[in-house]
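Beneath this line is the structure, given in structure tokens, with notes to follow.
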Amino acid sequence: MDLTADPPCIVGAACRLPGNLAHSSALFARFQSGDWPAASTLPPPSRAFHLHSTPESFGRGGWLAENGVESFDAAFFRIPPTESPTLRPNVRLALELTYDALLHAGIPPSSLRGKNVAVAFGVGTEDGWDIRRAAMDDDHDGGKRSAFDDNWAASSDPSGVSGRVSHFFDFRGPSSVLSNACASGGFALRDGVLSLLHDGAELAVVGALATHFSPASFLWAQASGVASSSGRCASFSPDADGYSPSEGAVVLVLKRQSAAAEAGDAIHARIRSVATAHNGGMRTMFTPNAHAQAQLMLRALAAAKLTPQDIDILEAHGSGTPVGDTLELEGIRRVFHGRTRNPLLLSSAKTVLGHCHGSAFLVG
């Protein structure tokens, strides 16, 4: 997708990330310090892993702090007291971070009411909120099924994440939720960009969310042999032995460059192209395809009117699994091996923040 004529720009951003990170400036300070143990701790009591008979030492990963999860201003977002205790945390995060990202962009949320504002969120299936609520019914209420009361439908369906944002802010543009595993945030970004280009949206809110209120993701990683024994994603390192699951939430505000310039918005980044693809038929659904990934990178570069020589740093997936890292590096080598200038720098936020699952694309 060639976006070079009038590229979408990031004019605002907000995040909640492991280790009590609540602002992008703190995130880059964390990258500089390399303090990865802050994203390798035991789950907070609110995640209620004990309901699933897991050991007390189980579930080491990266966890969001209370801000936006347990500590949520329900009254501000007009959530009634009868619903607020059971409102899905992903919905809470989407509401708070959309508000924060608009403020970061210098855009009063009230100025967008009734306008063609698109909303696109990427989410995985790992939040486990319904599982947790049902387990708490069994554990505390003598089997009473209060988990599935009259408030359940409003946030149980994944569309409730974007739908609640559009509803509260009175946005009238496209509103969607995308679920594509680790790439969910990338497909949300694609949806937001398409809304700007083809749906006449004057602004797009793009986000990705991952929370863990059941141990399912951790148990799966352990059972499938991709969980790190050290509790760290040591991406592209001889020490790589798997990944460490984390939570994460990111929201971006996008405008076309012409609209951002006219409004005098601060432009933090320009998106020159967006490209997506699938690995196709491999040994497993989780096995990378070096050839397919190389083809995708070349397509993205061509759409952006760039060559491999123009790239200085590449933010890689870097899952920290020996097979995944090896095949990803091979795909990168096929594209960038002919460089004649400075070496290509590889980065992966997972080495510091862990694998943020459905939000991993926007986190890094």
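The values are calculated or read from the model by the stated rules, or taken from the named source; none is laboratory data. The shown structure was predicted, so the numbers you read here are calculated from the model rather than taken from an experiment. Quick reminder, even Gly has a Cβ in these numbers, built from the backbone with ideal geometry, and neighbours come from all protein chains shown. These area figures cover heavy atoms from the full protein model, side chains too; ligands, DNA and RNA do not enter into them. Shrake-Rupley method; radii C 1.70, N 1.55, O 1.52, S 1.80 Å.
Here are the numbers:
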quantity	calculated
Any pair with Cβ under 7 angstrom, 6 or more apart, that starts in segment 348-364 at a residue that is touching a residue at least 12 places away in the same chain (Cβ under 8 Å) and in a helix (DSSP H, G or I) and ends at one that is open to solvent by 10 Å² or more (accessible area, probe 1.4 Å) and aromatic (Phe, Trp, Tyr)	350/243; 351/36; 352/31; 352/36
Yes/no for residue 88 being crowded, with 21+ Cβ neighbours inside 10 Å and over 18 Å from the mean Cα position of the chain (by Cα)	no
Residues within segment 78-98 that are over 14 Å from residue 154 (Cα atoms) and free of Cβ contacts under 8 Å to residues at least 12 places away in the same chain, tallied	1
Whichever residue in segment 114-133 is touching a Leu at 6+ places or on another chain (Cβ under 6 Å) and of a type in the set (Val, Ile, Thr) and, among such residues, is nearest to residue 195 (Cα to Cα)	117
Selected residue (only one of 229, 217, 235 is open to solvent by less than 60 Å² (accessible area, probe 1.4 Å) and either within 16 Å of the chain's Cα centre (by Cα) or without any contact (Cβ under 8 Å) to a residue 24 or more places away in the chain (or both))	217
Residue satisfying all of: in segment 314-333; farther than 17 Å from residue 345 by Cα and among the hydrophobic types (A, V, I, L, M, F, W, C); least open to solvent (accessible area, probe 1.4 Å) among these	327
Selection within segment 55-102 - of a type in the set (Ser, Thr, Tyr) and at pLDDT 95 or above	98, 99
Conditions (1) touching a residue at least 24 places away in the same chain (Cβ under 8 Å); (2) under 28 Å from residue 275 (Cβ atoms); number of the one not met by residue 159	(1)
Within segment 145-160, considering residues that are among the small types (Gly, Ala, Ser), surrounded by 18 or more Cβ atoms within 10 Å (Cβ to Cβ) and under 24 Å from the mean Cα position of the chain (by Cα), the one nearest to residue 193 (Cα to Cα)	160
Condition check for residue 306: farther than 20 Å from residue 60 by Cα and outside any helix (DSSP H, G or I)	yes
Residues satisfying the stated conditions in segment 113-130, i.e. outside any strand (DSSP E or B) and closer than 20 Å to residue 177 by Cβ	116, 124, 125, 126, 127, 128, 129, 130
Residues of segment 161-208 classified as touching a helix residue (DSSP H, G or I) at 6+ places or on another chain (Cβ under 7 Å), open to solvent by less than 30 Å² (accessible area, probe 1.4 Å) and more than 20 Å from residue 362 (Cα to Cα), total	5
Test for residue 30: is it of a type in the set (D, E, K, R), surrounded by 15 or more Cβ atoms within 10 Å (Cβ to Cβ) and modelled with pLDDT of 95 or more	no
Where residue 258 falls short, out of the listed (1) surrounded by 13 or more Cβ atoms within 10 Å (Cβ to Cβ); (2) assigned to a helix (DSSP H, G or I)	(1)
Residue tally, condition touching a Cys at 6+ places or on another chain (Cβ under 8 Å) and open to solvent by less than 30 Å² (accessible area, probe 1.4 Å), over segment 266-286	1
Segment 36-55: number of residues that are in a helix (DSSP H, G or I) and more than 20 Å from residue 129 (Cα to Cα)	4
